[in-house]
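All remarks here apply to the structure that follows.
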Protein chains: 2
Amino acid sequence: MSKKYIDLETLKYVLYDIHKLEDLLTRERFKEHDLESLDLFIDSVKEFSDRDLYPYFKEMDQTPAYYKDGTVIVHEQVKTVMHKSGEMGIIAACFDYEDGGLQIPFSALQAASYIMDAANNQLPGYPGLTQGAAELIVEFGTDSLKEAFLPNMLSGVWGGTMCLTEPQAGSSLSDIVTKATPTNEGFYKISGQKIFISGGDHQFAENIVHLVLARIEGAPKGTRGISLFVVPKNRVQEDGTLTYNDVMTIADFQKMGQRGYCTTHLGFGDSDDCRGWLVGEEHKGLNQMFLMMNGARIAVGRGAAAIAMAAYRTSLQYANERPQGRKLSADGKKNPSEKQSLIIEHPDVRRMLLLQKAIVEGSLSLVMLASKYQDILTTATSEEEKEKYHLLLETIIPIVKTYPSEAGAEAVDNGLQVLGGYGFCTDFSLQQYYRDIRIFALYEGTTGIQSQDLLGRKVTIENGKGLQLLYAEILITIIAASNDEYLKPYAIILGEKLKLSEKILGHLMPFAMKGNYERYLADANLFMEYLSIVVLGWLWLEMAVDAKRELENADRKYSENFYESKIHTMKFYFKYEVPKTNSLAESLMSDEVLTIKNEKEYII
Amino acid sequence: MSKKYIDLETLKYVLYDIHKLEDLLTRERFKEHDLESLDLFIDSVKEFSDRDLYPYFKEMDQTPAYYKDGTVIVHEQVKTVMHKSGEMGIIAACFDYEDGGLQIPFSALQAASYIMDAANNQLPGYPGLTQGAAELIVEFGTDSLKEAFLPNMLSGVWGGTMCLTEPQAGSSLSDIVTKATPTNEGFYKISGQKIFISGGDHQFAENIVHLVLARIEGAPKGTRGISLFVVPKNRVQEDGTLTYNDVMTIADFQKMGQRGYCTTHLGFGDSDDCRGWLVGEEHKGLNQMFLMMNGARIAVGRGAAAIAMAAYRTSLQYANERPQGRKLSADGKKNPSEKQSLIIEHPDVRRMLLLQKAIVEGSLSLVMLASKYQDILTTATSEEEKEKYHLLLETIIPIVKTYPSEAGAEAVDNGLQVLGGYGFCTDFSLQQYYRDIRIFALYEGTTGIQSQDLLGRKVTIENGKGLQLLYAEILITIIAASNDEYLKPYAIILGEKLKLSEKILGHLMPFAMKGNYERYLADANLFMEYLSIVVLGWLWLEMAVDAKRELENADRKYSENFYESKIHTMKFYFKYEVPKTNSLAESLMSDEVLTIKNEKEYII
């Protein structure tokens, strides 16, 4: 099986040359790392992915996780990957030394995780959520909770999950009803049900540590009455042994994709013997969970970007090998005596490949940008720096979660189309990428919810300061590109798109100011699409500026082709994707109000 | 299980009120039918679909067709549906009385088949392809071929297929190598392999009649050397019994969707004993096959439109039943003490539902329009009428095949999203519609091939006469809408889009005239998208004109809501979809050439 599921060169180019990982390494927190050691870490994860993830991609899809006798049966590679992720320090990578971590930059871990996602997206969630759950314990838990859970989680012996969703509440967390009843023994009794819990149970986990949102009896209604608890499947007794903590596995959801990644339905406290320990403050659970949510949302964007990468590489390889059809000659006909062309020679196939490349590599740069912001934020040395990167990160997060998921699915769709009928057949992996990536627009807040977050909260954050800061960053690239005659036309276009976005907001803001939030937010999805294209246009222009400079550099790291392909893809993005902003702007500034419910029933 | 997989009212509205089936019934061919009898026919197919198709939709997906011991094992409902489709006259519907047919209008049959597609898209292909194969025999076969095959095909006792694709040729039919060697006994010996043969074999077929494209020894290269043969799996001996005709089933392709619909790999003449009979003239096979291709392409568009309909109805029902979240109040917050809203009350959910409605019902109207053209063409009473409807049909066919497949997939994607995480779970049917519909952009000529056909052949047909005729039809609606103050703004917009399309063609044509066809066609897909939006905008405006008129009619057939929802959806299409033409035009008229291969390698 080919291991060309990723373009490692581009990954490193984006991480090292575009987002300049090296600059982070001067920071105190990372001082024991250098580029070489991180490069070795990334290479070791690539080898790990080649060996332990990619070969099981199809097999896991064909033998999905399933519920049996109170537990979930998963592919045995889950065990291997959990343990090796522990051994290799992947789970512990970003934690403090004192918590057993390695203080590796978040960006470097994201690059490594991206490789794992591209190799087999059904596996990285197991260690990934364990790491997220451990993070909450580290950030808000007491020392005794840290002691009890952290070592086994960071070593991959125990799994971890986030338990938010409940059947009756769905995305509306204010309607959570899972109950926490205080006792005098330092713990709460937990009762309730949680659904859609990724990695929620499996036959290889000695223990699974759930981070559960629940409501302490008498808590205020809504999101301000939710607390966070650590609720292990098995609790540790005084003698150190484990005993069942009344966390029942009720079912495993069967899904269209990511079939090897279990999605469980859990019941807590069915026998009134489920113990949970408060993490952080009472009623602050949602805020605490959301502090970690940025990481989770970057991970979703990263996963989708990585699947789209794998699909792109697969369809590119096919297009380079498959002969079919012929070039049109000057009379508009084809000569059947001529040799067949490779399909990569057909303009429409090239269009589908370049569209994929533009979305895939652009999404990668977006994910790495957010990861860099996160690194700067967590190591900020001044309040000013902290505020700046906090706002930049908050503003960009909904886009980082959404663009790779939505555009990534479109990229995979084009990859499948490149293979023609074979793309639809299970002998080829495109159809699996197509199924797998579809969940990413639903994970951790759907596209609709992200769009409301972007327009409703992030755009207005501190009177628009987040957006101003983002635009200031974009302007730096516009200025750099304007200094190059070849790139200047694209810089001008991008500048116009920034201005147009201000016009759109000028059209929408009065609705919010008059208290008509429903109208203000009605087309938030379109604004998300608009701003995403602007941001991706920026990231492509940034890559083109670098590539253009390197082409004039005799000592350049990569081939001429490599840099030229980046400039070419930027141009592709500006020809085919950036113009979509105009029609989006037209729809966004239309005075027709068609999606707000009134007394008439238009949807029948 | 709910049988709300289709909005029968809208189907009949489009067929009877918009495309005026009644007008066709004055024609000689249809004189023995009236609206009532055809309505009964459609209702009987609805009952048949409720009873024999819809209940097996999920089950067939979960027990896919598979290869075993030289044949393909399919769900036993295939047998029932084949036989009942024969009994009920569905297969024979459009054939001449003298061939055992019922002379039912093609439009009425398409409406009935649309119901079957919506109910369970894995089944209608079995009788559908049998009908297509029979049509080729009727149109081009000798009387003895008709006698030998037709009765058992029309009664659904024997199946039929179309065998075009070969492993080495894919979409490039000029590279077909299946061989036909003449004998002195009235038949040819056939040898070769065919892939992707829908309904190619199964355990219930007493016989399957393949219509096979092959090359007679010594035939010219390319598409001008292809002939058409009828090659049954079992041939009829002189005593009337059947004997094996050396048509071997090699495999069944396993697919992402339409899993209950078999897709076979066939080998002909492995033991040098496969007999085929020439249908029509030597070397004219491709032209003959393509005469029937319009019907096949309408059927593909119809199938996709129907799947999108079923997905829409399912997500609409969910949105009307699922409570989640709350309305935003004037402070931009939600009050957790308030009752939960139904999700259909959220603007973004309404946007997703209206987008589906616009695509689904618009696609339905498009399919019925093409079917009407086909009916007029086959019953034309003058050369002028014949030419007009031939050109209209040819021009619109690539759009009829493509728009429902591409936009339909987008509609289903939105339907899945309406269900949130549940949409991704196999307990709900949205994920199956999502998988099933994906093949339609590949069937019978991919979107890329249809787009080349549209821009390369149909737009230029008889110096653009086809397009002129289409625009003249659109103008009739524009004029009608302009006479209504309320609809006039939309009429003006549509008129502008027609003009803009002429500007686009004015930009592209010079490339074709200079013999640079590769450049002319490089962005054919974008032109397809452009013209599709114009055509759909037209069809929606046409519906709005009718609805507006009926709202003023005290005797109206449907409810006020019904007509108002059509006008509202038209407005939705003009706000959210029609503006996309502007960005498409910008891309199409850009001077950047980025997808034509030159000496540099940009896709790496």
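The values are calculated or read from the model by the stated rules, or taken from the named source; none is laboratory data. Predicted model only: the values in this text are computed from it and were never measured. FYI the Cβ positions are ideal-geometry reconstructions off the backbone, even for glycines, and counts take in every protein chain you see. Ligands, DNA and RNA are stripped out before the accessible areas are found, and what is left, the full protein with its side chains, is counted by its heavy atoms. Shrake-Rupley method; radii C 1.70, N 1.55, O 1.52, S 1.80 Å.
Over chain B, average the accessible area per residue using a 1.4 Å probe and give it in Å², no decimals.
Numbers: 21650 Å² over 604 residues.
Computed with neighbouring chains in place, this is 36 Å² per residue.
Please give the total accessible area that chains B and A bury against each other, computed with a 1.4 Å probe and expressed in Å² to the nearest 100. Present the calculation step by step, with values, prior to reporting the outcome.
Values: alone 26320 and 26300 Å², together 43300 Å².
That pair of chains buries around 9300 Å² in total.
Heavy-atom accessible surface, probe 1.4 Å, ligands and DNA/RNA ignored: which residues of region B:508-525 lose at least 40 Å² versus the isolated chain?
B:Tyr517, B:Glu518, B:Asn525
How compact is region B:366-495 by the rule of thumb for globular proteins, expressed as Cα Rg over 2.2 N^0.38 Å?
This ratio for region B:366-495 stands at 1.33.
Charges on Cβ only, +1 for Lys and Arg, -1 for Asp and Glu, centred on the Cα centroid of the protein assembly as shown; of B:Leu213, A:Ser37, A:Val367, which one is farthest towards the dipole's positive end?
Of the candidates, A:Val367 comes out farthest on the positive side.
Once all Cα-Cα distances of region A:193-286 are split into 5 Å bins that start at 0, what whole-number percent is in each one?
The percentages, shortest bin first, are 3, 13, 20, 21, 19, 14, 8, 3, 0.
Give the Rg/Rh ratio for region A:447-590, taking Rg as the radius of gyration of the Cα atoms and Rh as the Kirkwood radius, to two decimals.
Values: Rg = 17.1 Å, Rh = 16.3 Å.
My calculation of the ratio gives 1.05.
Under the rule of -39500 (n - 2.57) per DSSP H run of 4 or more residues, summed and divided by the residues of the protein assembly as shown, what mean residue ellipticity at 222 nm is obtained, to the nearest 500 deg cm²/dmol?
Details: 38 runs with 604 residues, N = 1208.
Value at 222 nm, helices only: -16500 deg cm²/dmol.
Using unit Cβ charges (K, R positive; D, E negative) and no other charged atoms, how large, in debye to the nearest 20, is the dipole of region A:447-590 about its Cα centre? Don't jump to the answer; show the numbers that get you there.
Values: 17 positive and 19 negative charges, 67 e Å.
For this selection, approximately 320 debye.
To the nearest 20 debye, what is the magnitude of the charge dipole of region B:36-148 about its Cα centre, counting +1 on the Cβ of each Lys and Arg and -1 on the Cβ of each Asp and Glu? Walk me through the intermediate numbers first.
Details: 7 positive and 19 negative charges, 91 e Å.
Dipole of region B:36-148, to the nearest 20 debye: 440 debye.
Expressed as a fraction of 2.2 N^0.38 Å, the rule-of-thumb size for a compact globular protein of N residues, what is the C-alpha radius of gyration of region A:309-415? Provide the component values of the computation, followed by the final result.
Details: Rg = 21.0 Å, N = 107, 2.2 N^0.38 = 13.0 Å.
In units of the globular-protein estimate, region A:309-415 measures up at 1.62.
Using alpha carbon coordinates only, what is the Rg to Rh ratio of region B:241-345, with Rh defined as the Kirkwood radius? Don't jump to the answer; show the numbers that get you there.
Numbers: Rg = 26.9 Å, Rh = 20.2 Å.
Here Rg/Rh amounts to 1.34.
Run through the other copies and list how far each one's label point is from that of A:Pro489, in nm with one decimal, shortest first; the point sits 7 Å from Cα along Cα-Cβ.
Those separations, rounded to one decimal, come out as 3.6 nm.
Could you size up the charge dipole of chain A around its Cα centre, putting +1 on the beta carbon of Lys and Arg and -1 on that of Asp and Glu, and report it in debye to the nearest 20?
On the way: 63 positive and 83 negative charges, 370 e Å.
For chain A, the charge dipole is close to 1780 debye.
What are the radius of gyration and Dmax of region B:517-604, computed over its Cα atoms and given in Å?
When restricted to the Cα atoms of region B:517-604, Rg and Dmax are 20.0, 69 Å.
One decimal, nm, shortest first: give the distances between the label point of B:Lys386 and those of the same position in the other copies, each label point 7 Å from Cα along Cα→Cβ.
Taking the point 7 Å beyond Cα along Cα→Cβ, the inter-copy spacings are 8.5 nm.
Provide, for region A:447-590, the number of lysine pairs with alpha carbons under 15 Å apart, each pair being eight or more places apart or on different chains.
Lysine pair count for region A:447-590: 12.
Beyond 31 Å, what share of the Cα-Cα pairs of chain B is found? Please give it as a whole percent. Please report the intermediate quantities before stating the final value.
On the way: 94392 of 182106 pairs.
Cα-Cα pairs in chain B separated by more than 31 Å: 52 percent.
Accessible area of A:Ser337, 1.4 Å probe, to the nearest 10 Å²?
Taking all protein chains as shown, A:Ser337 has close to 80 Å².
Give me the percent of DSSP beta bridges within chain B that run antiparallel, rounded to the nearest 5.
Values: 31 of 39 bridges.
Antiparallel bridges: around 80 percent, rounded to the nearest 5.
Relative contact order of region B:446-590, please, whole-number percent, based on alpha carbon pairs below 8 angstrom and at least 6 residues apart.
Values: 120 pairs, mean separation 40.8, N = 145.
In percent, rounded to a whole number, it is 28.
At a temperature of 20 °C and a viscosity of 1.002 mPa s, determine how fast region A:1-129 diffuses translationally according to Stokes-Einstein, using the Kirkwood radius over alpha-carbon pairs as Rh; express D in µm²/s, rounded to the nearest whole number. All intermediate terms of the calculation are to be shown ahead of the outcome.
On the way: Rh = 15.7 Å.
Answer from the Stokes-Einstein relation: 137 µm²/s.
Can you tell me, using C-alpha contacts under 8 Å and at least 6 residues apart, the relative contact order of chain A as a whole percent? All intermediate terms of the calculation are to be shown ahead of the outcome.
Numbers: 1072 pairs, mean separation 73.3, N = 604.
So the answer I get is 12 percent.
Please report how many Lys pairs in region B:221-348 have alpha carbons closer than 25 angstrom, counting only residues at least 8 apart along the chain or sitting on separate chains. Intermediate results must be reported in sequence, preceding the final value.
On the way: B:Lys221/B:Lys284; B:Lys233/B:Lys255; B:Lys233/B:Lys284; B:Lys327/B:Lys339.
Within region B:221-348, the lysine pair count is 4.
In whole Å, what are the Cα extents of the protein assembly as shown along the three principal axes, biggest one first?
That works out to 91, 73, 60 Å along the principal axes.
Using only alpha carbon pairs under 8 Å that are at least six residues apart, calculate the relative contact order of region A:224-324 and give it in whole percent. Working shown, then result.
Details: 106 pairs, mean separation 30.3, N = 101.
30 percent.
Starting from the residue with the highest accessible area, list A:Glu542, A:Glu496 in decreasing order, probe 1.4 Å.
A:Glu496, A:Glu542
Got a sec? Charge dipole of region B:446-590, +1 on Cβ for Lys and Arg, -1 for Asp and Glu; which of B:Gly464, B:Val535, B:Ile478 is way out at the positive end?
B:Gly464
Measuring label to label, 7 Å along Cα→Cβ, what does A:Ser37 give against each other copy in nm, shortest first?
8.8
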